[in-house]
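Asks: Have a look at this one.
The values are calculated or read from the model by the stated rules, or taken from the named source; none is laboratory data. Just so it is clear, the structure is predicted and the values come from calculations on it, not from any experiment. Cβ sites come from the backbone with ideal geometry, for glycine too, and all protein chains shown count toward neighbours.
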Amino acid sequence: MASRLGLRRLEIAAKSILHPTAVRWQPSPCIRCQRRWQSISQKIGSDRVHFPGAVNSQFTTQLAFTRPADLPGMPTYRILDQEGRIVDQAHAPPDIETKELLRMYRDMVFVSIMDIIMFDAQRQGRVSFYMVSAGEEGIAVGSASALSPNDPIFAQYRETGIFQYRGFTPADFMAQLFATKDDPGRGRNMPVHYGSAKLRIHTISSPLATQIPQASGAGYAVKMQNLRNPTDEQRVVACYFGEGAASEGDFHAALNIAATRACPVVFICRNNGFAISTPTLEQYRGDGIASRGVGYGIDTIRVDGNDILAVREVTRQARELALQDNGRPVLIEAMSYRVSHHSTSDDSFAYRAKVEVEDWKRRDNPITRLRKYLQGKGLWDDEREAALRSDARKEILEAYRKAEREKHPPLRAMMEDVYEEMTEEQVGQLEKMRGLVERYEGEYDVSRYEEGIAGLRLKEVKR
Ligand SMILES: Cc1ncc(C[n+]2csc(CCOP(=O)(O)OP(=O)(O)O)c2C)c(N)n1
Ligand SMILES: [Mg+2]
């Protein structure tokens, strides 16, 4: 209770900066407490008692368990069918400029081509690891296109399309994948763990669900900023995760705190049917991840993740909703199918049939769906397709070849940035390492690191 009152005080403080005369901190109870106190006075003969823990529950004499199997599944919103046609002719499709439609298409194609090239690069031993987002490009690109470029993003690892849409260049991707001196993470992360302060995308974390409570916290900070600076652009936080990550405790804590503190966070779950080799049937028994949002009192929608127009429209409206009433969370569950192996370390045909994958590839794919839509509108043809693919390939390979020749950051970078200044222990370890490399010259190839052996020298260390 003490911390809740503390947070409430903070909210009021932010409001009082905004409207100095209108809001003053008073030790009055928070809205939830008021509601609870009001609930004590009940009308005699009422058909419900406002229990503080369930304020709108009617009395019944029917003893019946609520059985999930009897409830209808949450519907899946879509605009386009698998042939790229508008499903409901009575509703005009969202008004999206041609330039934007083509940008979304190009970005999806770009990511899919980079995925093929880099998957092969791993197989050739040129990068240590890679993860593709085949079949899920529409979720990343479509949702990113509906956010403001200033909305902070927390992502998992299969949302390369977000980086592409926000302006990551082929050189940026390659710097991270090849751990070059130009990687802002200074080569200290596994490939595909991109991050960009400039593009407001927090660095990807390997431990699942790390980013979800972080997003709720950032959502609270953004809420305060929105309240304090009402004439500035009002922002939301976007948070992506897989349905597998939603099995982590962090997911539940994050959604609950975002709901109770009314944080403007758009949670976007990619439900692609698998957490590595575990199919969704073995991951949960409820109605997907969407049903959990409702459980936490969060406005929720399920969308066809292979329909980029639907993903974009749902995200656009979720963003608007998230900014209502000084902020509130929204959950989107985007349905798709993980066409690829989980990563380069996985062989998915050990646990699923090849024919199932081939079927999904052929039957439904966000790229072909949008392509058909564009062709139907006369905005795309085979010639443009060939040019796009060839240009993207050229651009990626050029950046790839350049990054492959680039040096890694100096070896001391592995110790830097942990603390503002290196600790004595770190300095000692650095010296020890230099001693080893000098002693066993020939065993360690340090030529691929900037400054070579000098990169381990103490005089270079910022202290
Ligand atoms: C805390 C934690 N547990 C386990 C893992 C190993 N792991 C990496 S990815 C993954 C599957 C995640 O599935 P999902 O969230 O559905 O994302 P998808 O790979 O399907 O995109 C697992 C279990 C991990 N990285 N972190
Ligand atoms: Mg998954």
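Asks: Inspect segment 141-153 for any residue being touching a residue at least 12 places away in the same chain (Cβ under 8 Å) and not assigned by TED's automatic domain parsing to the domain that holds GLN317 and give the result as yes or no.
Replies: So the first thing to find is which residues in segment 141-153 are touching a residue at least 12 places away in the same chain (Cβ under 8 Å), and the list is 141-153.
Adding the requirement that they be not assigned by TED's automatic domain parsing to the domain that holds GLN317 leaves none.
No, that holds for no residue.
Asks: Could you tell me whether GLY293 is touching an Asp or Glu at 6+ places or on another chain (Cβ under 7 Å), within 27 Å of PRO93 (Cβ to Cβ) and outside the structural domain of ALA54 (by TED's automatic domain parsing)? Walk me through how you get there before you give the answer.
Replies: On the way: touching an Asp or Glu at 6+ places or on another chain (Cβ under 7 Å): no; within 27 Å of PRO93 (Cβ to Cβ): yes; outside the structural domain of ALA54 (by TED's automatic domain parsing): yes.
So GLY293 fails the test.
Asks: Can you tell me which of (1) of a type in the set (S, T, N, Q); (2) outside any loop (DSSP other than H, G, I, E, B); (3) outside the structural domain of GLY288 (by TED's automatic domain parsing) is the one THR60 doesn't meet?
Replies: All conditions pass for THR60, except number (2).
Asks: Have a look at LEU370, LEU379, LEU388, LEU397 and point out the one that is crowded, with 20+ Cβ neighbours inside 10 Å and either at positive phi or of a type outside the set (Lys, Arg) (or both).
Replies: Numbers: LEU379 fails: crowded, with 20+ Cβ neighbours inside 10 Å; LEU388 fails: crowded, with 20+ Cβ neighbours inside 10 Å; LEU397 fails: crowded, with 20+ Cβ neighbours inside 10 Å.
Answer to the selection: LEU370.
Asks: Check GLN234 against each of (1) within 15 Å of ligand 1 (Cβ to nearest atom); (2) within 17 Å of PRO149 (Cβ to Cβ) and name the one condition it does not meet.
Replies: GLN234 satisfies every listed condition except (1).
Asks: Does ALA197 count as out of contact with any strand residue (DSSP E or B) (no Cβ under 7 Å at 6 or more places or on another chain), among the small types (Gly, Ala, Ser) and either at pLDDT 95 or above or assigned by TED's automatic domain parsing to the domain that holds GLY187 (or both)? Don't jump to the end; show me each part of the working.
Replies: On the way: out of contact with any strand residue (DSSP E or B) (no Cβ under 7 Å at 6 or more places or on another chain): yes; among the small types (Gly, Ala, Ser): yes; either at pLDDT 95 or above or assigned by TED's automatic domain parsing to the domain that holds GLY187 (or both): yes.
The answer is yes for ALA197.
Asks: Continuing with the same structure: Going through segment 287-312 one residue at a time, which ones are assigned to a loop (DSSP other than H, G, I, E, B), out of contact with any Pro (no Cβ under 6 Å at 6 or more places or on another chain) and within 16 Å of ligand 1 (Cβ to nearest atom)? Can you show your working first?
Replies: The first filter runs over segment 287-312 and keeps only residues assigned to a loop (DSSP other than H, G, I, E, B), leaving 287-289, 296-298, 305-307.
So of that shortlist, the ones also out of contact with any Pro (no Cβ under 6 Å at 6 or more places or on another chain) come out as 287-289, 296-297, 305, 307.
Within segment 287-312, GLY288, ILE289, GLY305 qualify.
Asks: Filter segment 164-212 for residues that are more than 20 Å from PHE119 (Cα to Cα), within 16 Å of ligand 2 (Cβ to nearest atom) and of a type in the set (A, V, I, L, M, F, W, C) and give the result.
Replies: LEU208, ALA209, ILE212
Asks: May I pose another question? Would it be correct to say that ASP183 is acidic (Asp, Glu), in a loop (DSSP other than H, G, I, E, B), buried (at least 17 other Cβ atoms within 10 Å of the Cβ) and in contact with a helix residue (DSSP H, G or I) (Cβ under 7 Å, 6 or more places away or on another chain)? Let's see the steps before the verdict.
Replies: Values: acidic (Asp, Glu): yes; in a loop (DSSP other than H, G, I, E, B): yes; buried (at least 17 other Cβ atoms within 10 Å of the Cβ): yes; in contact with a helix residue (DSSP H, G or I) (Cβ under 7 Å, 6 or more places away or on another chain): yes.
Considered against the rule, which asks whether it is acidic (Asp, Glu), in a loop (DSSP other than H, G, I, E, B), buried (at least 17 other Cβ atoms within 10 Å of the Cβ) and in contact with a helix residue (DSSP H, G or I) (Cβ under 7 Å, 6 or more places away or on another chain), ASP183 comes out as yes.
Asks: Can you tell me which of (1) within 10 Å of ligand 1 (Cβ to nearest atom); (2) crowded, with 20+ Cβ neighbours inside 10 Å is the one SER277 doesn't meet?
Replies: (2)
Asks: For residues in segment 97-142 being polar (S, T, N, Q) and more than 16 Å from ligand 2 (Cβ to nearest atom), which is farthest from ILE308 (Cα to Cα)?
Replies: Our first condition is that a residue be polar (S, T, N, Q); within segment 97-142, this holds for 98, 112, 122, 124, 128, 133.
Going one step further and asking which of them are more than 16 Å from ligand 2 (Cβ to nearest atom), we end up with 98, 112, 122, 124, 128.
Working: THR98: 14, SER112: 15, GLN122: 29, GLN124: 33, SER128: 31 Å.
Filtering first and then ranking leaves GLN124.
Asks: I would also like to ask the following. When you go through (1) among the charged types (D, E, K, R); (2) surrounded by fewer than 21 Cβ atoms within 10 Å (Cβ to Cβ); (3) within 12 Å of ligand 2 (Cβ to nearest atom) one by one for ARG270, which number turns out not to apply?
Replies: (2)
Asks: Let me ask something else about it. Go through segment 326-369 and count every residue that is within 16 Å of ligand 1 (Cβ to nearest atom) and hydrophobic (A, V, I, L, M, F, W, C). Break it down into steps so the answer makes sense when it comes.
Replies: First, the residues of segment 326-369 that are within 16 Å of ligand 1 (Cβ to nearest atom): 331-348, 350-352, 356-357, 360, 366.
Filter once more, keeping what is hydrophobic (A, V, I, L, M, F, W, C): 331-332, 334-335, 339, 350, 357, 360.
Total satisfying the criteria: 8.
Asks: Is it fair to say GLU282 is without any contact (Cβ under 8 Å) to a residue 12 or more places away in the chain and either among the hydroxyl-bearing types (Ser, Thr, Tyr) or more than 15 Å from ligand 1 (Cβ to nearest atom) (or both)? Don't jump to the end; show me each part of the working.
Replies: Details: without any contact (Cβ under 8 Å) to a residue 12 or more places away in the chain: yes; either among the hydroxyl-bearing types (Ser, Thr, Tyr) or more than 15 Å from ligand 1 (Cβ to nearest atom) (or both): no.
The answer is no for GLU282.
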